[in-house]
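Please treat every number below as a calculation from the coordinates, not as lab data. Everything quoted here is computed from the prediction, not taken from an experiment. Cβ placement follows ideal geometry from the backbone for every residue including glycine, while neighbour counts extend to all protein chains displayed.
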Amino acid sequence: MVKCVVGFGANLGTQQEILSLFSKAVGLLSWPIVGAASLYSSAGMEGARSTNAFFNTAVAFEVENNPTTVLRKLLSTETTLGRKRVRWHGPRNIDLDLLLIGDRSVHCPGPPPTIVPHPRLHDRRFALEPAIELLGSDYQLHGHALAFWHKRASNQRVTKLGQWTSVGHVGPLCNLR
């Protein structure tokens, strides 16, 4: 078993509807939970085809050390919860991203194509903030601490809304082993 960090996001529905789907996703995944970050709100990234606010968080789980299997379960859970991939960067009721798994670096053509760490994690403040909560700002990503990447993304507006689940934050995990 290894720890992984999964990013949760959505921009279709009310905040309560989205939180309900996040909770259902955690239940469907049925992996042991190590910790959960706060809930954040942000505008869509450049190129996003929606004006709705996005809600994001991250949850750390214990999983088998197979990134492709983990990604398949995330995609299956999205489908079960009604995710329809109509267009790239389009609105979504649920989005589950495999951000990190162990200390692994993976580039597998798939199916499904699996890239870990998530290829845009270091560019997205809405994903960095929850990752920092779970792993600490000194966690290394692409040769730099998460704090370095967070500073580079400081022009992206993200609002911390607080805890969204009773799982709660357990403090920085420090590593994913």
> Which trypsin sites (Lys or Arg not before Pro) does the stretch 80-129 hold that lie in a coil by DSSP with at most 15 other beta carbons within 10 Å?
Replying inline: LYS84, ARG85, ARG87, ARG104, ARG120
> Do any trypsin sites (Lys or Arg not before Pro) in the stretch 1-76 lie in a loop, going by DSSP, with at most 15 other beta-carbon atoms within 10 Å of their beta carbon, and if so which?
Replying inline: ARG49
>> For Cα pairs less than 8 Å apart in space and 6+ apart in sequence, what is the mean separation divided by the residue count of the stretch 2-162, i.e. the relative contact order in percent?
In response: 30
> Counting each DSSP H run of 4 or more residues in the chain as -39500 (n - 2.57), what helix-only mean residue ellipticity at 222 nm follows after dividing by all residues, to the nearest 500 deg cm²/dmol?
Replying inline: -8000 deg cm²/dmol
>> Which of the three applies to the chain, rounded, prolate or oblate, going by the alpha-carbon gyration tensor with a ≥ b ≥ c and a/c under 1.5 meaning rounded?
In response: rounded
> What net charge do the residues around GLY35 carry, taking every other residue with its C-beta under 13 Å from that of GLY35, with Lys and Arg at +1 and Asp and Glu at -1?
Replying inline: -1
>> Assuming 0.36 nm per residue, please report the length gained on full extension of the stretch VAL106 to ASN155 beyond their Cα-Cα distance.
In response: 14.7 nm
> By the scheme Lys and Arg +1, Asp and Glu -1, what is the net charge of all other residues having a beta-carbon under 14 Å from that of ALA10?
Replying inline: +1
